[in-house]
Amino acid sequence: MKKILCVFLSFAAFSTSIWAGPKKDEAPAAQSALSGKKVIVADANSTHHLNLYVAYEKGFFAKRGLEVEIQQTSSGVAAVVGGEANIVFNCPTGVITPIAKGQNISIIAQVKIPCTSVLVVPADAPYRTPADLSGQQIAGLSTTCCAVILIRDALRSQYNTDFELVTLAPGAAIAALDAGQVKGAILEEPFVALALLARDAAGKPKYKTLFNGASDADGDGNIDPNLAGENPPCRTINANKDFLATRLGDAKAFIEAIAEADKLILENPVASDIVDIAAKYVSVDRQAIINSNPKLGFTTQLATEQLKGYADALVRQGTIEKNPGDALFAPEFKGITW
């Protein structure tokens with residue numbers, strides 16, 4: 001009887017292991033398996049994508065069995081939506097719009113926090129309070145740039161004023177500042193660092209930053225609040241939805257490699273090898289890279305509430321009709337990056 005009972009219990013345990021299915025915290029093997037196919041990243045060169053370049057140059061993708069190809073293009077979001085590329089690093093507002101319109105793209109991870117874009121003005125600019133910016137011609141990347149949205153929203157809601165946006169890329173914005181064609185520019189790193197390195201004929205700084213939580217515009221001895229808010233999120237990593245559905249293992253391994261690169265960069269963002277990698281991909285003065293790299297807070301963890309706040313701003317300006325809410329974020333990465 002004892003032998004029969006032991007056999008019965010053994011069979012019952014075996015049967016339970018068959019029918020119980022995978023544990024709740026165990027992903028199906030198919031989700032973890034690599035496809036063996038190349039991962040195409042559509043990229044527009046930026047030090048804000050330094051973790052992508054470090055992961056590639058340091059072999060963090062290769063050690064996970066991923067073959068990654070970085071393709072240079074200024075139409076990365078469109079390439080991912082259309083399926084010509086799998087992943088793009090981009091300003092989140094440029095991705096929220098196609099998501100809200102039902103296009104084939106989703107946010108899978110953060111690139112960095114905070115947004116490093118600030119207002120740069122001539123060193124002798126007479127602005128003492130944000131209200132002084134009323135009606136001034138200020139250069140900025142676009143009406144949907146995160147920093148432009150944040151600063152304009154603050155001016156409108158807190159000071160009942162606004163500036164006139166002159167749409168210019170960072171390099172052109174600095175040139176317009178030099179020529180006196182605009183009164184200020186909303187620039188991101190490393191272009192902020194580049195502007196602050198500029199000197200006039202007397203060797204004095206040509207530019208300064210204002211209303212960014214680090215300056216005292218009115219000279220009262222108090223640091224002025226940052227018009228863009230505290231630690232607003234910057235760029236996101238975004239993927240084609242079909243890619244996530246069919247090659248989730250590739251996507252997860254990709255983000256693991258980026259997280260490893262983040263850790264390495266944050267240990268010493270001005271290490272010579274890290275600066276060398278940045279200089280290889282971005283044609284900017286090396287000292288500007290050194291000055292700006294410590295400000296780039298790389299992380300894969302999504303700032304979901306603040307990103308949804310950007311969607312609210314896009315609704316207010318009429319760019320999209322409705323905030324997609326949590327539908328902005330890939331459900332496959334819930335519990336991983338959000």
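Might you let me know whether region 99-118 holds any residue that is buried (at least 23 other Cβ atoms within 10 Å of the Cβ) and more than 30 Å from residue 325 (Cα to Cα)?
Within region 99-118 (the criterion being buried (at least 23 other Cβ atoms within 10 Å of the Cβ) and more than 30 Å from residue 325 (Cα to Cα)), the answer is no, since none of the residues qualifies.
Tell me whether region 178-190 contains one or more residues that are closer than 19 Å to residue 74 by Cβ, assigned to a loop (DSSP other than H, G, I, E, B) and either in contact with a helix residue (DSSP H, G or I) (Cβ under 6 Å, 6 or more places away or on another chain) or touching a residue at least 40 places away in the same chain (Cβ under 8 Å) (or both).
yes
Out of 66, 50, report the one residue that is over 21 Å from the mean Cα position of the chain (by Cα), over 26 Å from residue 313 (Cβ atoms) and assigned by TED's automatic domain parsing to the domain that holds residue 242. First the steps, then the outcome.
Numbers: 50 fails: over 21 Å from the mean Cα position of the chain (by Cα).
Going through 66, 50 in turn, the sole match is 66.
Return the residue satisfying two criteria in turn: it lies in region 90-99 and is of a type outside the set (S, T, N, Q) and in a helix (DSSP H, G or I), and of such residues it is nearest to residue 206 (Cα to Cα). Break it down stepwise before answering.
Going residue by residue through region 90-99, those that are of a type outside the set (S, T, N, Q) are 91-92, 94-96, 98-99.
Pick out the ones that are also in a helix (DSSP H, G or I) and you get 94-96, 98-99.
Details: 94: 32, 95: 35, 96: 36, 98: 39, 99: 41 Å.
Among them, the one singled out is 94.
Which of (1) assigned to a loop (DSSP other than H, G, I, E, B); (2) over 10 Å from residue 118 (Cβ atoms) is the odd one out, the single condition residue 228 does not satisfy?
Exception for residue 228: condition (2).
Residues that are loosely packed, with under 10 Cβ neighbours inside 10 Å and modelled with pLDDT under 95, at least 2 per element: which helices (runs of 4 or more DSSP H) completely within region 1-89 meet that?
Helices (runs of 4 or more DSSP H) meeting the threshold: 2-19, 29-32.
If the requirement is being among the aliphatic types (A, V, I, L, M) and either surrounded by fewer than 19 Cβ atoms within 10 Å (Cβ to Cβ) or assigned by TED's automatic domain parsing to the domain that holds residue 125 (or both), which of these qualifies: 303, 257, 288, 198?
198
Just checking, how many residues over region 192-206 are under 13 Å from residue 118 (Cβ atoms) and in contact with a strand residue (DSSP E or B) (Cβ under 8 Å, 6 or more places away or on another chain)?
3
The values are calculated or read from the model by the stated rules, or taken from the named source; none is laboratory data. Predicted, not measured: the structure shown is a model, and the values here were computed from it. Positions of Cβ are backbone-derived with ideal geometry, glycine not excepted, and every protein chain shown enters the neighbour counts.
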